[in-house]
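The values are calculated or read from the model by the stated rules, or taken from the named source; none is laboratory data. Keep in mind that this is a model prediction, so the values were computed, not measured. Counting neighbours? That spans all protein chains shown, and the Cβs are built from the backbone with ideal geometry, glycine included.
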Amino acid sequence: MFGYIKPHKPEMKVKEFDTFQSVYCGLCKQLRRSYGPFASLTLSYDFTFMAVVGLSMEENCTGFTKCFCPGNPLKRKACVQESETMRYCASAAMLMLYYKVKDNLHDAPFFKKAAPLFLLPFAALARNKAKKAYPEADRILSDTMREQAKLERANTKSIDRAADPTATALAKLCESFSADERQKVILNRFGYLVGRYVYFMDALDDLEEDEKRGGYNPFLASADGNLTKDAQYLRAQQIINLTIGEIARAYELLDRKRYIPILDNIIYEGFKEQLQVILLKKEKLNEKPV
């Protein structure tokens, strides 16, 4: 994922943010345990959110423990204990990293290929290990990322079609968080909408850069040159706000057993806040000096 799923900290109680942070630290520890010390450098709030969703669906609460933080070795921090959900989310993060690095290597201009080339051997090793543990997750991401690349190369004009592979990937990954068939259907819908949100947010964030370098962007392709820049941003904002509303509807049907205030904050506050961050960045870029 891409960094657009974060809690809105000013609206969280201290104990809620501390709990969220303990999941973050637990995922960091899981990444290091499963994939080595450098894997924790890929840690993000996106997969922490995914872990919180998975943990919220478990019948029994995963406990907490104290662990050492590599960033501050003198201080022990609270972190969620190892569990199947944490192992799965850590592996999904490594698989996603691999396919993201491959995508960047393919799309980046020559002078920007150094970073993905440097990361690729590590990402490939991590992917091989994650694939052995979760072959179905690797198949899902392999198929959907291949389809995503195909659609973007074809300059797909339908924004719904363009977002479908990324949305489908998250939908299928989230299904595994429950054995109940009804909840699986809801998790699929929830994951699909979150994936759609992430894809559209990434497209909105990259809109001006894609326009300058001629890269594919679903909002540019669907407008086909018939909208002003301000109209493009307004249309994208409306589509993303609609998606956030649909996420909330699906979320409310989930049988959440814990971490509800944390998830409420991210769903009802965090998503909208991240949209405003992008829009504010756009305004600053386009400000004319006095």
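List, please: which pairs have Cβ atoms under 9 Å, are six or more places apart or on different chains, and start with a residue in segment 48-72 that is free of Cβ contacts under 8 Å to residues at least 60 places away in the same chain and of a type in the set (Ser, Thr, Tyr) and end with one that is surrounded by 14 or more Cβ atoms within 10 Å (Cβ to Cβ) and in a strand (DSSP E or B)?
Correct list of pairs: 62/80; 65/78; 65/79; 65/80.
Per-residue answers, yes or no, for (1) in contact with a Ser or Thr (Cβ under 6 Å, 6 or more places away or on another chain); (2) part of a strand (DSSP E or B); (3) modelled with pLDDT under 85; (4) surrounded by 15 or more Cβ atoms within 10 Å (Cβ to Cβ):
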{"site": "61", "(1), (2), (3), (4)": "no, no, no, no"}
{"site": "76", "(1), (2), (3), (4)": "no, yes, no, no"}
{"site": "98", "(1), (2), (3), (4)": "no, no, no, yes"}
{"site": "105", "(1), (2), (3), (4)": "no, no, yes, yes"}
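Do we have residue 4 as closer than 21 Å to residue 194 by Cα, outside any loop (DSSP other than H, G, I, E, B) and either in contact (Cβ under 8 Å) with a residue 40 or more places away in the chain or touching a helix residue (DSSP H, G or I) at 6+ places or on another chain (Cβ under 7 Å) (or both) here?
In short, no.
Taking the condition of being at pLDDT below 75 and either part of a helix (DSSP H, G or I) or touching a Pro at 6+ places or on another chain (Cβ under 9 Å) (or both), how many residues in segment 107-117 meet it?
Residues meeting the conditions: 5.
From the list 133, 169, 124, 149, pick out the single residue that is small (Gly, Ala, Ser) and touching a Phe, Trp or Tyr at 6+ places or on another chain (Cβ under 7 Å).
124
I want to confirm something. Restricting to segment 171-191 and keeping residues that are under 18 Å from the mean Cα position of the chain (by Cα) and without any contact (Cβ under 8 Å) to a residue 40 or more places away in the chain, which single residue is farthest from residue 35 (Cα to Cα)?
Restricting to residues being under 18 Å from the mean Cα position of the chain (by Cα) and without any contact (Cβ under 8 Å) to a residue 40 or more places away in the chain, the top hit is 188.
If you go through segment 199-247 one residue at a time, how many are among the aliphatic types (A, V, I, L, M), free of Cβ contacts under 8 Å to residues at least 24 places away in the same chain and either under 15 Å from residue 166 (Cβ atoms) or surrounded by 15 or more Cβ atoms within 10 Å (Cβ to Cβ) (or both)?
3
Would segment 197-216 turn up any residue that is hydrophobic (A, V, I, L, M, F, W, C), in a helix (DSSP H, G or I) and more than 25 Å from residue 138 (Cα to Cα)?
yes
Residues checked against (1) within 23 Å of residue 266 (Cα to Cα); (2) out of contact with any Leu (no Cβ under 9 Å at 6 or more places or on another chain):
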| residue | (1), (2) |
| --- | --- |
| 87 | yes, yes |
| 106 | no, yes |
| 129 | no, yes |
| 137 | no, no |
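Of all residues in segment 1-45, how many are crowded, with 20+ Cβ neighbours inside 10 Å and among the acidic types (Asp, Glu)?
The qualifying residues number 0.
If you scan segment 157-189, which residues turn out to be hydroxyl-bearing (Ser, Thr, Tyr), in a loop (DSSP other than H, G, I, E, B) and either within 25 Å of residue 135 (Cβ to Cβ) or modelled with pLDDT under 95 (or both)?
Residues satisfying the conditions are 176, 178.
Whether any residue in segment 134-145 is over 30 Å from residue 243 (Cβ atoms) and surrounded by fewer than 19 Cβ atoms within 10 Å (Cβ to Cβ) is what I want to check.
Checked against the condition, which is being over 30 Å from residue 243 (Cβ atoms) and surrounded by fewer than 19 Cβ atoms within 10 Å (Cβ to Cβ), segment 134-145 yields at least one hit.
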